[in-house]
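Colleague: So that we are looking at the same thing, I have put the structure below in structure tokens.
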Amino acid sequence: MAMVSAVPSGSRSNQIRRPGATDQQSQASIPSRIVLAMQGVTKSYPNGREALHGVDLTVPEGDFVFLVGPSGAGKSTVIKLLIRDELPTRGVVLLDGRDLGRLKRREVPKIRRKIGIVFQDFKLLPNKTVRDNVGFALEVTGARRRDIEPAVDRVLRVVGLTGQADQLPGQLSGGEQQRTAIARALVHNPRLFIADEPTGNLDPLISWEIIQLLLRINELGVTVLMATHNAEVVTAVRKRVVALENGRVVRDELGAAYHRED
Amino acid sequence: MFAFVAFSLRRAWQGFWRNGLMSLAATLTMVLMLVLLSGLIILLTGLNATLDFVQQEVQVVAYLKDSANQQDISGLEISLQGMAQVTQVDFVSKDQAMKDFLARHPDEAEVINSLPTNPLPASLQINLRDPNDYLDVATYLKSQPTVDRVLNIKQTVDQMVTVIGILRAGGTAILVVVGLIVLFIIVNTIRLAVVARADEIEIMRLVGASDAFIRWPFIFEGALVGLLGAVITIGLLFVGQGPITGFLSDYFRVLPVEASATVGQNIALIVLGTGVGVGVLGSYLSVRSYLIR
């Protein structure tokens, strides 16, 4: 099956990407790997509600994708499928080449280590320092203790929190808390970084800082998928935009604005 | 493997102290329930000891003919002692019977003294191993020429056997019911402690911790709650040993000293086993509901 190839970061081209269509643009000489692929994914919940219907989505390595759409459009369901909190009713979800629907129970944690995820509400442990919150992700996945500290220091440098390493989340601003969560999500060197409404609890200025950080992480080679309502940010950054409405992909556009511009 | 166990133990220890209030609540519930449980066990042990004692006290009394000579009586005594159902045979002479009577009814002394002869018969008092054997021994005694008559206590014995049986069954039933209630309450308290840390479990799942890494710290923590609760309970029982023993000997009259040492040991083991077991079970069940999703 023909897959799309990499889209250069910062591309301002405006072509529509239709599900399943090949991408004619290929500045990268080496064909990139596909980090994430959803093929004909339908998700119905036991109450009969169909949250997703025939969704196709392909994200090559190094991409930065905004997942937009009104509440209830299916963004959360996409994320739940990606972290295998839910299984698709029909269709296939591939993450780094693995079919999430066919994973054995004990393989699920290993797949989750390939994903870094942050949420609107940060989900930090209030009684652990920044360093310990980040180290926690390694600790509970069986990392050796001597490997934890250098890895934590590295990601704290990336998010710029080296100076706050020994503070508790309660002592931090909202932006710093989100950066702590980002550091924790990065510490496993994820193949895919998912940000679920990461700026939802932050004021505009801090939101921009977080976006800048996510863009920087993307430049470091991490594939980013960000679900958001923040039209201003999406429009200003001009990245790939995948819009969901009523459980369907209604737009998949490179270098796009939050709203359809044509 | 060692690293995993060390990790789990360290996390259990941290979890216990960082959620001090919930841990305290769980531990105190555990202590309360274990004290209740051991109190009940002590009570039932006392009751059982009393019942055993009462059973031993069941005596068959055979009144002897005045004509019986000493040789015949001794022969009968020996043959009775040879019976498997019999634990002890005591001979009460006519004089002894009179003395016992006067001791019980001092007011009657005048009447008794006015009698020309001693009207009270000599008797054999036979202790039984099991009151149910009463009939065997009584039948045997009735067939003996030296025996005048056998005191008919059949009805009394039957009633007592029934009552003791009911008391034993009732005690065991209460113990089982209270045990189940204790289990339920402790499991739920530990569940609360786990629910209070649902965030932590969620984060662990999100960052890709395996089920074992999520489960075992909680199980060790449950064991810790159980262990601590058991140790406190045993401490309380040890401190209360004097009053408890006093209570037992006052209300139940009997509790052999050597038995109380074993009873203490048994209760300590039961308390420890129940505490740790229920702590582990509670944690396992509580965490399981988060893992199966």
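Colleague: Quick one: among B:Ala103, B:Ala122, B:Ala68, which has the greatest mean-square fluctuation in a GNM of chain B with alpha-carbon springs under 10 angstrom?
Modeller: B:Ala103
Colleague: Let me ask something additional. Which whole-number value in Å³ per residue fits the convex hull of the alpha carbons of the protein assembly as shown? Spell out each step's value before the answer.
Modeller: Values: hull volume 127.3 nm³, N = 555.
Output value, Cα hull per residue: 229 Å³.
Colleague: Helix B:70-81 versus the longest principal axis of chain B: what is the Cα-based angle in degrees, 0 to 90, to the nearest 10?
Modeller: 20 degrees
Colleague: Measure off 7 Å from each Cα along the Cα-to-Cβ vector at B:Ala169 and B:Gln265, then give the distance between these two points in nanometres to one decimal.
Modeller: 3.3 nm
Colleague: Here's a follow-up. Looking at chain A as a GNM with Cα springs under 10 Å, which of A:Lys128, A:Lys43, A:Lys75 has the largest mean-square fluctuation?
Modeller: Most flexible of the set in this elastic network: A:Lys128.
Colleague: Oh, and also: Would you please state which residues of region B:133-154 a label at B:Thr162 would reach in this model, taking the label point 7 Å out along Cα→Cβ and a backbone N cut-off of under 16 Å?
Modeller: B:153-154
Colleague: Note the angle between two axes, namely the Cα long axis of helix B:2-18 and the longest principal axis of the Cα atoms of chain B, as a number of degrees from 0 to 90, rounded to the nearest 10.
Modeller: 80 degrees
Colleague: Using a 1.4 Å probe and counting only protein heavy atoms, how much accessible surface gets buried when B and A come together, both sides summed, in Å² to the nearest 100?
Modeller: For chain B against chain A, roughly 1900 Å² becomes buried.
Colleague: Could you tell me what percent of the accessible area of region A:155-262 is made up of carbon and sulfur, with a 1.4 Å probe and every protein chain present?
Modeller: Carbon plus sulfur share of accessible area: 46 percent.
Colleague: In terms of Cα to Cα distance under 29 Å, which lysines are near enough to A:Lys110, apart from those fewer than 8 places away along the same chain?
Modeller: Result set, ordered by chain and number: A:Lys43, A:Lys75, A:Lys80, A:Lys123, A:Lys128.
Colleague: Whole angstrom only: what separates the Cα centroid of region B:83-125 from the Cα centroid of region A:62-114?
Modeller: Using only Cα atoms, the two centres lie 96 Å from each other.
Colleague: Let me ask another. Using the Karplus curve 6.51 cos²θ - 1.76 cosθ + 1.60 with θ = phi - 60°, work out ³J(HN,Hα) for each residue of region B:274-279 in order, rounded to whole Hz, and write x for Gly and Pro.
Modeller: My calculation for region B:274-279 gives 5, x, 5, x, 5, x Hz in order.
Colleague: Between region B:1-73 and region A:116-148, how many Å separate their Cα centres?
Modeller: After rounding, the separation between the Cα centres reads 46 Å.
Colleague: Sticking with this one: Can you tell me the accessible area per residue over the protein assembly as shown, all protein chains present, probe 1.4 angstrom, in square angstrom?
Modeller: 50 Å²
Colleague: Same structure again: Pairs of Cα atoms under 8 Å, at least six residues apart: use those to get the relative contact order of chain A, whole percent.
Modeller: Relative contact order of chain A: 27 percent.
Colleague: Please average, across the residues of B:27-33, the number of beta carbons from any other chain that are within 10 Å of each residue's own beta carbon, and give a whole number.
Modeller: That works out to 0 on average.
Colleague: Please label the shape of region A:68-219 as rounded, prolate or oblate, based on the square roots a ≥ b ≥ c of the eigenvalues of the alpha-carbon gyration tensor (a/c under 1.5 means rounded; beyond that, a/b larger than b/c means prolate, else oblate).
Modeller: Cα axes put region A:68-219 in the oblate bin.
Colleague: With r defined as the distance between the Cβ atoms of A:Arg146 and A:Asp203 and R0 fixed at 30 Å, what FRET efficiency is calculated, to the nearest 0.05?
Modeller: Taking R0 as 30 Å, the efficiency between A:Arg146 and A:Asp203 is 0.15.
Colleague: Now a separate question. For a label point 7 angstrom out from the Cα of A:Asp56 toward its Cβ, which stretches of region A:218-262 have the backbone nitrogen within less than 15 Å?
Modeller: Taking a point 7 Å out along Cα→Cβ of A:Asp56, the residues of region A:218-262 whose backbone N falls under 15 Å are A:248-253.
Colleague: Further question: Taking the Cα-to-Cβ direction at B:Asn127 and at B:Ile78 and moving 7 Å from each Cα, how far apart do the two end points lie in nm?
Modeller: Taking the simple label geometry, B:Asn127 and B:Ile78 are separated by 2.3 nm.
Colleague: Compare the peptides A:80-86, B:264-270 by average per-residue count of other Cβ atoms within 10 angstrom and give them in order, highest first. Don't skip to the answer; put the middle values down first.
Modeller: Details: A:80-86: 19.6, B:264-270: 15.3.
Ranked from most to least packed, the peptides come out as A:80-86, B:264-270.
Colleague: With the contact rule set at Cα under 8 Å and sequence spacing of 6 or more, what percent relative contact order holds for region B:94-184?
Modeller: Relative CO of region B:94-184 lands at 21 percent.
Colleague: Taking R0 as 25 Å, what FRET efficiency do you get between B:Ser143 and B:Phe101 from their Cβ-Cβ distance, rounded to the nearest 0.05?
Modeller: 0.35
Colleague: Carbon and sulfur: what percent of chain B's accessible surface (1.4 Å probe)?
Modeller: That share works out to 65 percent.
Colleague: Something else now. When the accessible area of each residue in region A:130-153 is compared between its chain alone and the complete protein assembly (1.4 Å probe; ligands, DNA and RNA ignored), which residues differ by at least 10 Å², being lower in the assembly?
Modeller: Correct list: A:Phe136, A:Ala137, A:Glu139, A:Val140, A:Thr141, A:Gly142, A:Arg145.
Colleague: So, in nm, how far is label B:Phe238 from label A:Gln212 when the simple model puts each one 7 Å beyond its Cα toward the Cβ?
Modeller: 6.4 nm
Colleague: Could you tell me the calculated FRET efficiency between B:Gln70 and B:Leu135, based on Cβ-Cβ distance and R0 = 35 angstrom, to the nearest 0.05?
Modeller: With a Förster radius of 35 Å, E is 0.80.
Colleague: Still on this structure, please answer the following. How much accessible area does B:Ile174 have with a 1.4 Å probe, in Å² rounded to the nearest 10?
Modeller: Here the accessible area works out near 90 Å².
Colleague: Excluding ligands and nucleic acids, what accessible area in Å² is computed for B:Lys142 using a 1.4 Å probe, to the nearest 10?
Modeller: Its accessible surface works out to 140 Å², give or take rounding.
Colleague: Probe radius 1.4 Å, ligands and nucleic acids left out: which of B:Met33, A:Met38 has the largest accessible area, and how do the rest follow?
Modeller: So, going from the largest accessible area down, we get B:Met33, A:Met38.
Colleague: If I take every Cα pair under 8 Å that is 6 or more residues apart in chain B, average their sequence separation and divide by the length, what percent do I get for the relative contact order?
Modeller: Across chain B, relative contact order equals 32 percent.
Colleague: Taking a probe of 1.4 angstrom, what is the accessible area of B:Val177 in Å², to the nearest 10?
Modeller: 80 Å²
Colleague: May I ask you to work out the translational diffusion coefficient for chain A at 10 °C, viscosity 1.306 mPa s, via Stokes-Einstein with Rh from the Kirkwood sum over Cα pairs, reported in whole µm²/s?
Modeller: 84 µm²/s
Colleague: Could you tell me which helices of chain A pass both thresholds, a Cα extent of 20 Å or more along their own axis and a mean Kyte-Doolittle hydropathy of at least 0.0, with helices taken as whole DSSP H runs?
Modeller: A:204-219
The values are calculated or read from the model by the stated rules, or taken from the named source; none is laboratory data. A quick note: this is a predicted structure, and the numbers were derived from the prediction, not measured. Cβ sites come from the backbone with ideal geometry, for glycine too, and all protein chains shown count toward neighbours. Note: areas computed on protein heavy atoms with side chains; ligands, DNA, RNA excluded. Shrake-Rupley method; radii C 1.70, N 1.55, O 1.52, S 1.80 Å.
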